[in-house]
1. Give, as ranges by residue number, the residues of the range 441-482 whose backbone N falls under 20 Å from the point 7 Å along Cα→Cβ of Leu409.
2. In what order do Ser264, Ser245 fall by count of nearby beta-carbon atoms within 10 Å, going from fewest to most?
3. Once fully extended, how much extra length lies between Arg364 and Asp298, figured as 0.36 nm per residue of separation less the alpha-carbon to alpha-carbon distance?
4. Normalising by the residue count of the range 1-132, find the relative contact order in percent from Cα pairs under 8 Å and 6+ residues apart.
5. Any idea what the relative contact order of the chain is, in percent, if you count C-alpha pairs under 8 Å spaced at least 6 apart?
6. For the range 417-468, which GluC sites (Glu not before Pro) pass both filters: DSSP loop (anything but H, G, I, E, B) and at most 12 other C-beta atoms within 10 Å?
7. Below 8 Å, C-alpha to C-alpha, sequence gap of six or more: please give me the relative contact order for the range 354-481 in percent.
8. Mind checking the angle between helix 7-23 and the chain's longest principal axis? C-alpha axes, 0 to 90 degrees, to the nearest 10.
Amino acid sequence: MENDLNNFQKARAEEKRMERTVENCPFRTKFHVMPPVGWLNDPNGLCQFRGVYHAYFQYSPLNVNGGGGYWGHCTSRDLLHWEYKEPVLTTDIPEDKSGVYSGSALTEDGRMYLFYTGNVKQPGSYDYIDSGRISTQILVESEDGQHMSEKVKLLGMEDYPEDITQHVRDPKVWKEDGHYYMVLGARARAWDENGKRRDKGGILLYQSDDRKNWKLYRELVPEKPFGYMWECPDLFELGKERVLSFCPQGLESQEEKFQNIYQSGYSLPGRSQDPEETFREWDMGFDFYAPQSFQADDGRRILIGWAGMPDTTETNRNLSVANGWQHCLTLPCELEYHDGKIFRMPVREIYDLDWEEAPVGNGRFHWAGKALKLDMGGICGERTVIRLGNRENGVTVTVEGNRVELSFLDEKGVPSRCGGGRGKRTGRTEGPVEELLVVIDSSIMEIFVNGGETAFTTRIYLEEKERVIDVSGCDGYILEMI
Ligand code: FRU
């Protein structure tokens with residue numbers, strides 16, 4: 001019987017079978033997008049369509065450790081309460097046999113156009129860089145965001161420039177001055193001065209007048225390598241400044257920079273040809289990758305990331321796995337550009353939730369069953385400490401001067417169980433830290449520093465009875481719960 005089910009029916013059956021277990025998991029969140037079961041990664045196809053927000057996501061309902069196979073789907077009217085729908089895409093044509101990879105939405109004249117990468121990994125002993133992989137850019141259309149048309153192939157291996165390897169993916173499409181543009185992440189073949197292979201990440205920009213026929217418009221691979229591959233590119237304008245958001249892989253970790261295995265950040269191509277010169281990381285926490293932005297009807301530029309990280313051994317011990325699911329998306333954030341920097345704060349809808357002031361005694365509060373919002377002002381560089389969890393198991397956020405540290409380590413340097421393998425991350429603001437906004441939704445904590453100049457996203461797996469917050473070193477705060 002099992003084999004007679006199609007992919008969509010298999011997903012549905014697994015969602016049903018696991019419904020109870022997943023629902024009863026203490027790590028489920030109140031207002032973040034999660035997989036109904038299994039694994040979630042990148043946000044895809046973000047848009048506001050006929051007034052409703054749509055978030056699609058890379059979805060593996062049949063395997064809690066990933067592997068893909070679907071685009072999941074959910075909708076919302078306020079970006080915080082999400083209704084889960086059936087998946088909309090699965091691997092059902094030869095061109096997307098090994099994956100319906102990431103992509104984006106374009107909405108125009110009451111229709112939705114979804115662009116994504118069909119991935120094929122041919123069986124055999126290939127390196128999957130120069131051989132064995134086929135990356136195809138594909139279009140589907142929809143009138144309701146749920147039912148999709150036939151898949152149409154737009155670009156294939158024959159359409160990419162000579163110097164590009166078989167890694168070409170994650171189309172982000174938009175319309176500008178009467179033309180359509182598609183930006184793709186790519187890995188270019190390159191060698192260093194000693195003749196050693198050293199590939200370079202870059203982007204390909206295609207142009208079209210009808211959404212179907214695309215021609216290469218620009219190839220942007222930096223002179224000086226900045227990572228070997230760029231995933232999930234996004235190109236948009238913010239306060240008259242052109243912004244290129246992308247995820248470079250292969251940057252070397254430094255003490256307070258590029259601390260994760262892969263990075264995600266943005267450059268300002270109008271200011272420098274060299275992406276590294278203007279590059280800033282979107283987030284300094286453990287769990288932030290593959291963000292995508294879209295423009296809401298009211299003009300806001302909103303960014304949502306995956307609160308996760310690919311290929312990690314450190315953070316892949318998320319404790320929700322025992323209950324059949326892992327990962328979530330970040331809070332949707334509004335972006336604003338000031339002076340060479342993007343400020344990222346949660347969407348204003350968050351203030352419309354029914355927050356209630358929490359009864360805090362001596363800076364301590366038990367928050368089992370609650371989500372929290374902690375607003376701290378007037379810090380002015382004073383040493384301020386937030387402890388989440390109890391003495392043995394928790395995370396400590398320490399603010400001093402212009403430095404913020406997030407640590408799951410105890411005095412002996414042993415990581416707390418609730419961190420699932422996470423250690424320590426550090427970030428800085430330009431001037432002293434003055435304000436913090438901390439949002440905690442069950443198993444995710446997001447910290448926004450100085451009005452969103454920098455942020456820290458991390459997952460944290462505390463049992464309900466361990467959910468204690470302690471604030472010290474700052475009196476000017478308001479703690480609210482929901
Ligand atoms: C980023 C990424 C994308 C790809 C997708 C596959 O996390 O590797 O480049 O399209 O995930 O799930």
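Bear in mind these aren't lab numbers, they're just calculated from the coordinates by the rules spelled out. This one's a predicted model, so the numbers in the text were calculated from it and none came from an experiment. Neighbour counts run over all protein chains shown; Cβ positions are idealised from the backbone, glycine included.
1. Of the residues in the range 441-482, 456-461 have backbone N under 20 Å from the label point off Leu409.
2. In increasing order of surrounding Cβ atoms, one gets Ser264, Ser245.
3. Values: separation 66, 0.36 × 66 = 23.76 nm, distance 3.93 nm.
Roughly 19.8 nm would be gained on extension.
4. With pairs under 8 Å counted, the relative contact order is 18 percent.
5. Details: 1281 pairs, mean separation 58.8, N = 482.
Reported relative contact order: 12 percent.
6. Here the sparse-neighbourhood loop sites are Glu430.
7. That works out to 38 percent.
8. It works out to around 0 degrees.
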